[in-house]
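Asker: Pasting a structure here, questions to come.
The values are calculated or read from the model by the stated rules, or taken from the named source; none is laboratory data. Just so it is clear, the model here is predicted, and its values are computed rather than measured. So basically every Cβ, Gly included, is an ideal-geometry build from the backbone, and we count neighbours across all protein chains shown.
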Number of protein chains: 2
Amino acid sequence: MSALLDGVYEGVMTYGELARHGDFGLGTFNDLDGEMVALDGCFYQLLADGSARRADPAQQTPFAAVVFFRPETTRRLRAPASQSEILSLLDEIAPSRNLFYAIRLDGRFKSVTTRTVPRQVKPYKPFTEIARTQPTFHFNDCTGSIVGLRSPEFAQGISVAGCHLHFITEDRSGGGHVLEFISSDVTLTVDHYSAMHLELSETAAFLDADLHKVDQDAVMKAVEG
Amino acid sequence: MSALLDGVYEGVMTYGELARHGDFGLGTFNDLDGEMVALDGCFYQLLADGSARRADPAQQTPFAAVVFFRPETTRRLRAPASQSEILSLLDEIAPSRNLFYAIRLDGRFKSVTTRTVPRQVKPYKPFTEIARTQPTFHFNDCTGSIVGLRSPEFAQGISVAGCHLHFITEDRSGGGHVLEFISSDVTLTVDHYSAMHLELSETAAFLDADLHKVDQDAVMKAVEG
């Protein structure tokens, strides 16, 4: 994640290979060509026009985080709930701040506001600059899924500390990085993880990146924005 | 590493299980009962009296970092060299700050100053307090091995960012955490790693630890001291 913030937008991991590490998660594509959301073993590319398509196994990613999702705790939330209410409930279900958690919300949403990164061309602009000008989308009274990962503070820089959420509609036609949402009737499922495997890309851009200068707190601001 | 600094001195990983993850590395034991050094598949416990013994596969660790060491670059250093000279040479051999490196020095040393953590009893004292009162040892004109790992800045909190070195004598009778050394005639071997696997202990002490308050820079000071 530090490298992505430093402008390293090309990795060598293909989606075909990533699928061997998990069936659920989120990330992006080389050249920051949209947001990625994975669920039930299907990987989707959420493009800058708000549309979605299946990712090709040959596509590569500079950053992705995936898990094998095994529903551990399930809660039906029939009453409308804001993002902060659901994150508070998650703090009860997943009280330790020191493990990794996968979160899934399926059902009806009153509104979901998303952002999607547009494909970049070289010379690449810094991530924080791109984040300021990303298109946003509003999905109202829709059905779909939110895929999320919650990472511990000590994983900041490798992952995104705290909650990182992506949305996709039930018909898999659109979605993006979640900025804000209100659920109307959803099922929340949560799973926890005490192990993490990190794969770095040995590209010249990655090897030479000056990650010392990356402000870790800017990760949250730029990504969670 | 953040948890260790926060006083979590008990893990559930046994040395028997750790050996399946690597044959080379360093760490400590439950209750901080000495320093660990591993080389050639043998795991040693460096005790607070400066002595060493083989670790038992049933012993457990709250923190250890191991790799399968495959010598990639080898340099014979026949002239005396200080620790800072050898670390500068390492920067040439291993120029990227964004990968993990394993470092091994075998041969004769003019001097090696080590520190060894003494076994703790509950209620545990903070690591930074223990570090201030650890016994130090001086090995002069001796033969032995230094085992080291160099981790990227973004792994601070999980690992120890920068170089972390442990020493053991050739006869495996003594050693400790390296504070300072001068080599006289040694062979330096280096290997690089672009993947990392993290295993967390799901103990109550770890799950409840408040790692937000751990000052990451204190890691370097307390551990590299």
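Asker: Being at pLDDT below 95, over 30 Å from A:Leu4 (Cα atoms) and either within 14 Å of chain A (Cβ to nearest Cβ) or out of contact with any His (no Cβ under 7 Å at 6 or more places or on another chain) (or both) is true for just one of B:Lys213, B:Lys125, B:Lys221. Which residue is that?
Answerer: B:Lys125 is the lone residue from the list that is at pLDDT below 95, over 30 Å from A:Leu4 (Cα atoms) and either within 14 Å of chain A (Cβ to nearest Cβ) or out of contact with any His (no Cβ under 7 Å at 6 or more places or on another chain) (or both).
Asker: Could we say that B:Ala3 is outside any loop (DSSP other than H, G, I, E, B), buried (at least 18 other Cβ atoms within 10 Å of the Cβ), in contact (Cβ under 8 Å) with a residue 24 or more places away in the chain and of a type in the set (A, V, I, L, M) here?
Answerer: Yes.
Asker: Would you be able to tell me the number of residues in segment B:140-158 that are surrounded by fewer than 21 Cβ atoms within 10 Å (Cβ to Cβ) and either among the hydroxyl-bearing types (Ser, Thr, Tyr) or on the phi < 0 side of the Ramachandran plot (or both)?
Answerer: Matching residues across segment B:140-158 total 4.
Asker: Something else now. For segment A:127-137, check the following and say yes or no: at least one residue is touching a Gly at 6+ places or on another chain (Cβ under 9 Å), of a type in the set (S, T, N, Q) and loosely packed, with under 15 Cβ neighbours inside 10 Å.
Answerer: yes
Asker: When B:Ala65 is evaluated against the numbered criteria (1) of a type outside the set (Asp, Glu); (2) assigned to a loop (DSSP other than H, G, I, E, B); (3) within 21 Å of B:Pro152 (Cα to Cα), which criterion, by number, is the only one it fails?
Answerer: Against the list (1) of a type outside the set (Asp, Glu); (2) assigned to a loop (DSSP other than H, G, I, E, B); (3) within 21 Å of B:Pro152 (Cα to Cα), B:Ala65 comes up short only on (2).
Asker: Which of (1) within 14 Å of chain A (Cβ to nearest Cβ); (2) part of a loop (DSSP other than H, G, I, E, B) is the odd one out, the single condition B:Asp91 does not satisfy?
Answerer: The number of the failed condition is (2).
Asker: Taking B:His177 as meeting all but one of (1) in contact with a strand residue (DSSP E or B) (Cβ under 7 Å, 6 or more places away or on another chain); (2) more than 17 Å from B:Ala38 (Cα to Cα), write down the number of the exception.
Answerer: Only one criterion in (1) in contact with a strand residue (DSSP E or B) (Cβ under 7 Å, 6 or more places away or on another chain); (2) more than 17 Å from B:Ala38 (Cα to Cα) is unmet by B:His177, namely (2).
Asker: Name every residue in segment A:102-133 that is touching a Ser or Thr at 6+ places or on another chain (Cβ under 8 Å) and aromatic (Phe, Trp, Tyr), in order of residue number.
Answerer: If the condition is that a residue be touching a Ser or Thr at 6+ places or on another chain (Cβ under 8 Å) and aromatic (Phe, Trp, Tyr), then A:Phe109 is the only one that fits.
Asker: Considering only residues that are over 16 Å from the mean Cα position of the chain (by Cα) and within 14 Å of another protein chain (Cβ to nearest Cβ), which ones fall in segment B:4-34?
Answerer: Residues satisfying the conditions are B:Asp6, B:Gly7, B:Val8, B:Gly11, B:Val12, B:Met13, B:Glu17, B:Arg20.
Asker: Have a look at B:Pro118, B:Pro62 and point out the one that is more than 14 Å from chain A (Cβ to nearest Cβ) and within 29 Å of B:Phe206 (Cα to Cα).
Answerer: Step by step, each of B:Pro118, B:Pro62 is checked, and only B:Pro118 is more than 14 Å from chain A (Cβ to nearest Cβ) and within 29 Å of B:Phe206 (Cα to Cα).
Asker: Spot the failing condition for B:Leu87; the list is (1) surrounded by fewer than 18 Cβ atoms within 10 Å (Cβ to Cβ); (2) out of contact with any strand residue (DSSP E or B) (no Cβ under 8 Å at 6 or more places or on another chain), and only one is missed.
Answerer: B:Leu87 satisfies every listed condition except (2).
Asker: Does segment B:187-196 contain at least one residue that is more than 18 Å from B:Ile86 (Cα to Cα), modelled with pLDDT of 95 or more, assigned to a strand (DSSP E or B) and touching a Cys at 6+ places or on another chain (Cβ under 7 Å)?
Answerer: Among the residues of segment B:187-196, not one is more than 18 Å from B:Ile86 (Cα to Cα), modelled with pLDDT of 95 or more, assigned to a strand (DSSP E or B) and touching a Cys at 6+ places or on another chain (Cβ under 7 Å), which makes the answer no.
Asker: In addition: Out of the residues in segment A:160-193 that are small (Gly, Ala, Ser) and over 22 Å from A:Glu92 (Cα atoms), which is nearest to the other protein chains (Cβ to nearest Cβ)?
Answerer: For segment A:160-193, the residue satisfying everything is A:Gly176.
Asker: Of the residues B:Thr113, B:Thr61, B:Thr74, only one is of a type in the set (Val, Ile, Thr), under 16 Å from the mean Cα position of the chain (by Cα) and either farther than 26 Å from B:Ile182 by Cα or surrounded by fewer than 16 Cβ atoms within 10 Å (Cβ to Cβ) (or both); which?
Answerer: Residue meeting the stated conditions: B:Thr61.
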